[in-house]
Amino acid sequence: MRVALIHDWLVTYAGAERVLEQMIKLFPEADIYSIVDYLSHEQREFIEGHNIHTSFIQSMPYARSRYRYYLPFMPIAIEQFDLSAYDLILSSSHAVAKGVITGPDQLHISYVHTPIRYAWDLQHQYLKDSQLECGLRSWAVRMMLHYLRQWDYRTANGVDYFIANSYFVARRIWKVYRREAKVIYPPVDIERFSLCETKEDFYLTASRMVPYKKIDLIVEAFREMPDKRLVVIGDGPDLKKIKSKAGANISFLGYQDTPVLSDHMKRAQAFIFAAEEDFGITPVEAQACGTPVIAYGKGGALETIKGLDQSEPTGIFFGEQSTSAIIAAVQKFEQVQDRICPTVCRDNALRFSVERFRKELRSFIEAKLEEFNRK
């Protein structure tokens, strides 16, 4: 059986790449296709020596630094991959990977991190964050997203089976494509994060500094609470703007490798998470350290964190993405934190291990291959 693995783009090692890494371990002889491949030497270890088949966008001007600007051409690019020699196509998609062209005798299973969020339910937030709410450029982008939605809906018909990374995304898949999806939570490398039951007097947040992560709201909230310390880990285009909002009680460490991140997660009083994520790996990593999470109560966080309404909570939720809501949540946490046990946090995180992911994914693929071959 010949297997092809399809990925949107290879530019960093993040959540989607962790899923691809486990797919490679399941199918070490598979060929890998990606719109572009700009992984650094240090980031390539998980590829395990595979050659990556890339699209024409790989050699386009400025694509290395501005590959996202070629989004209007990505549907055409993904359709140019000739996959006719493969029996099983396994795509890992948060943008266009699921849109590859396959034949009736090929099985296509797509692991969907999300339908293209900025083309569907988050379009208006994307336009606002990009300052594209009005003007000629706004209408050009709106037209492009309109055609991208049409293409995205049509290409769902080329997928035989969908897998979603959370029930939140499964609902989004049903809303957009009217297709059922099996939920298999993504892999979290729990073993890189060890339990620590002794906590220190500071809060932690860690993220890429982009608008939808809402790190600015967390920083603004702690500026209003000068008696509480906040440590911020991460880098990104909004870092300078976010730093300008900080008070003396807030420390920025920039990008840090796992050992430094893990050390701060283990010692933090709680981890603050204000984004609406499809799944959200960092809250799980924090819980693996025995650290409670104060999170926005929407999206994947509702599936990875146990709130105060449960007998053994691992964190608390706030109801809106606002400074006042975060302040109230931190104050509430300090009143009830004795109810949250570090070992319970750790046990909850173990539900999302790498071994569990590989076992569930292998079982699903084997069952669908058997079913497909009987037709």
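Inspect all residues belonging to segment 251-263 and state whether any of them is of a type in the set (Phe, Trp, Tyr) and touching a residue at least 60 places away in the same chain (Cβ under 8 Å).
Initially, segment 251-263 is screened for residues of a type in the set (Phe, Trp, Tyr), giving 252, 255.
Filter again for touching a residue at least 60 places away in the same chain (Cβ under 8 Å), leaving none.
There is no residue in segment 251-263 that is of a type in the set (Phe, Trp, Tyr) and touching a residue at least 60 places away in the same chain (Cβ under 8 Å).
How many of the residues making up segment 104-128 are modelled with pLDDT of 95 or more and small (Gly, Ala, Ser)? Of the residues in segment 104-128, 1 are modelled with pLDDT of 95 or more and small (Gly, Ala, Ser).
Which of the following residues is touching a Leu at 6+ places or on another chain (Cβ under 6 Å), more than 17 Å from residue 361 (Cα to Cα), buried (at least 22 other Cβ atoms within 10 Å of the Cβ) and of a type outside the set (A, V, I, L, M): 92, 55, 34? Before you say what the answer is, go through the steps one by one.
On the way: 92 fails: more than 17 Å from residue 361 (Cα to Cα); 55 fails: touching a Leu at 6+ places or on another chain (Cβ under 6 Å).
Of 92, 55, 34, the one residue that is touching a Leu at 6+ places or on another chain (Cβ under 6 Å), more than 17 Å from residue 361 (Cα to Cα), buried (at least 22 other Cβ atoms within 10 Å of the Cβ) and of a type outside the set (A, V, I, L, M) is 34.
The criterion of being surrounded by fewer than 19 Cβ atoms within 10 Å (Cβ to Cβ), touching a helix residue (DSSP H, G or I) at 6+ places or on another chain (Cβ under 6 Å) and either of a type in the set (Ser, Thr, Tyr) or farther than 24 Å from residue 367 by Cα (or both) does not hold for residue 204. With respect to (1) over 19 Å from residue 265 (Cα atoms); (2) buried (at least 16 other Cβ atoms within 10 Å of the Cβ), the lone exception for residue 320 is condition (2).
Looking only at segment 209-219, decide whether some residue is in contact with a Lys or Arg (Cβ under 7 Å, 6 or more places away or on another chain) and touching a residue at least 40 places away in the same chain (Cβ under 8 Å). No: zero hits. Considering only residues in segment 69-89 that are in contact (Cβ under 8 Å) with a residue 60 or more places away in the chain and touching a Phe, Trp or Tyr at 6+ places or on another chain (Cβ under 7 Å), the one that is farthest from residue 366 (Cα to Cα) turns out to be 75. I'd like to know if segment 335-353 contains one or more residues that are at negative phi, without any contact (Cβ under 8 Å) to a residue 24 or more places away in the chain and buried (at least 16 other Cβ atoms within 10 Å of the Cβ). Scanning segment 335-353 turns up at least one residue that is at negative phi, without any contact (Cβ under 8 Å) to a residue 24 or more places away in the chain and buried (at least 16 other Cβ atoms within 10 Å of the Cβ). Are any residues in segment 256-310 under 15 Å from residue 348 (Cα atoms), among the hydroxyl-bearing types (Ser, Thr, Tyr) and out of contact with any helix residue (DSSP H, G or I) (no Cβ under 6 Å at 6 or more places or on another chain), and if so, which ones? Once the filter is applied, which keeps residues that are under 15 Å from residue 348 (Cα atoms), among the hydroxyl-bearing types (Ser, Thr, Tyr) and out of contact with any helix residue (DSSP H, G or I) (no Cβ under 6 Å at 6 or more places or on another chain), segment 256-310 yields only 282.
Somewhere in segment 306-320, is a residue touching a residue at least 60 places away in the same chain (Cβ under 8 Å), outside any loop (DSSP other than H, G, I, E, B) and out of contact with any Leu (no Cβ under 8 Å at 6 or more places or on another chain)? Within segment 306-320, not a single residue is touching a residue at least 60 places away in the same chain (Cβ under 8 Å), outside any loop (DSSP other than H, G, I, E, B) and out of contact with any Leu (no Cβ under 8 Å at 6 or more places or on another chain).
Considering (1) surrounded by 15 or more Cβ atoms within 10 Å (Cβ to Cβ); (2) over 30 Å from residue 73 (Cα atoms), the lone condition that residue 227 does not fulfil carries the number (1).
So, in segment 242-259, of the ones that are modelled with pLDDT under 95 and not in a loop (DSSP other than H, G, I, E, B), which residue ends up nearest to the chain's Cα centre (by Cα)? Per the stated criteria, the residue is 258. Among the residues of segment 280-299, those identified as farther than 18 Å from residue 265 by Cβ and not in a strand (DSSP E or B) are 297, 298, 299.
Restricting 147, 153, 185 to those that are aromatic (Phe, Trp, Tyr) and surrounded by 19 or more Cβ atoms within 10 Å (Cβ to Cβ) reduces the list to 185. Applying the condition of being of a type in the set (Gly, Ala, Ser) and not in a helix (DSSP H, G or I) to segment 1-24 and asking which residue is farthest from the chain's Cα centre (by Cα) yields 4.
Every condition in (1) buried (at least 20 other Cβ atoms within 10 Å of the Cβ); (2) not in a loop (DSSP other than H, G, I, E, B) is met by residue 76 except one, and the failing one is (1).
Quick one: is residue 220 in a helix (DSSP H, G or I) and in the same structural domain as residue 238 (by TED's automatic domain parsing)? Lay out the reasoning, then the answer.
Numbers: in a helix (DSSP H, G or I): yes; in the same structural domain as residue 238 (by TED's automatic domain parsing): yes.
For residue 220, the condition - in a helix (DSSP H, G or I) and in the same structural domain as residue 238 (by TED's automatic domain parsing) - is met.
Going by the structure shown, is residue 193 within 18 Å of the chain's Cα centre (by Cα), buried (at least 19 other Cβ atoms within 10 Å of the Cβ) and on the phi < 0 side of the Ramachandran plot? No. Here residue 349 qualifies as under 30 Å from residue 26 (Cβ atoms) and in a helix (DSSP H, G or I).
Looking at segment 137-144, is at least one residue β-branched (Val, Ile, Thr) and outside any loop (DSSP other than H, G, I, E, B)? It would help to see each step written out before you state the result.
In the first step, residues of segment 137-144 are kept if they are β-branched (Val, Ile, Thr); the result is 141.
Cutting the leftovers down to outside any loop (DSSP other than H, G, I, E, B) gives us 141.
Within segment 137-144, one or more residues are β-branched (Val, Ile, Thr) and outside any loop (DSSP other than H, G, I, E, B).
Each residue in segment 156-175 was checked for being crowded, with 20+ Cβ neighbours inside 10 Å and not in a loop (DSSP other than H, G, I, E, B), and 7 of them qualify. The set of residues in segment 263-284 being modelled with pLDDT of 95 or more and over 12 Å from residue 205 (Cα atoms) consists of 263, 266, 267, 284.
The values are calculated or read from the model by the stated rules, or taken from the named source; none is laboratory data. Note that this is a predicted model, so its numbers are computed, not measured. Positions of Cβ are generated from backbone atoms using ideal geometry, with glycine treated the same way; all protein chains shown enter the neighbour counts.
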